[in-house]
1. Among the lysines, which fall within straight-line cross-link reach of K99, defined as a Cα-Cα distance under 16 Å, with same-chain neighbours fewer than 8 residues apart omitted?
2. For I187 and H32, what is the calculated FRET efficiency with R₀ set at 45 Å and r taken between the beta-carbons, to the nearest 0.05?
3. Ordered by residue, what ³J(HN,Hα) values in Hz, to whole numbers, does the range 145-160 give under the Karplus form 6.51 cos²θ - 1.76 cosθ + 1.60, where θ = phi - 60° and Gly and Pro are x?
4. Heavy atoms only, probe 1.4 Å: what % of the accessible area of the range 62-105 goes to carbon and sulfur, would you let me know?
Amino acid sequence: MSRKFFRKYLPSHEAVRRNRYIGVFGSLLSHHNLWHLHRRSVAGGVAVGMFSGLVPGPLQMISAAILAILFKVNLPVALAVTFYTNPFTIVPLYYAAYKLGRLVLFESGNGAPAVVLEMPGLSLADISSWLPSLLHWGMSLGKPLAIGLPLLALLLAAAGYFVVDWTWRLQVIYGWRRRARRHRKRIES
């Protein structure tokens, strides 16, 4: 991943520090890894964001910030990555977590059909009822969801970490080789 790409979209350390809501944390936000753009810090931030993105409700950003500070990984990246869950992706992700939970609990092959409430119909006319409807539906999924959700979060976090880590490595190797080719061409000419 290019540092220029991340610098273009992420706020600076000083901008975050001056923020009146975040500034109260003071020394907790002073560790350099929370702000530097290097391979391990960014990959760790992606992992924390992927994990925290599946935390239910409005606690995603809070959990991402706490985990980023605890593990000393890039805080803005961790916060930004939590946005992979949104009203369009949350239901398929929770469904995948439910199926994963059923697989882990060996419920998929025992012949007993799962009792799951039908997905609520969400109309644009009544947006205020979306959250209660989705919460009720999520609670009806029970134990498979409770086991599948953290498991899926861990799997996505691990996948996110390794994809960013290896992409960063490959980009650095490609850059080295490109510079070496240019250097050889200059020497030969």
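The values are calculated or read from the model by the stated rules, or taken from the named source; none is laboratory data. Nothing here was measured: the structure is a model prediction, and the numbers come from that model. FYI the Cβ positions are ideal-geometry reconstructions off the backbone, even for glycines, and counts take in every protein chain you see. Side chains included, ligands, DNA and RNA excluded: accessible areas come from the protein's heavy atoms. Shrake-Rupley method; radii C 1.70, N 1.55, O 1.52, S 1.80 Å.
1. K143
2. Computed FRET efficiency for I187 and H32: 0.75.
3. Rounded to whole hertz, the list is 6, 5, 8, x, 5, x, 5, 5, 4, 5, 5, 5, 5, 5, 4, x.
4. 82 percent
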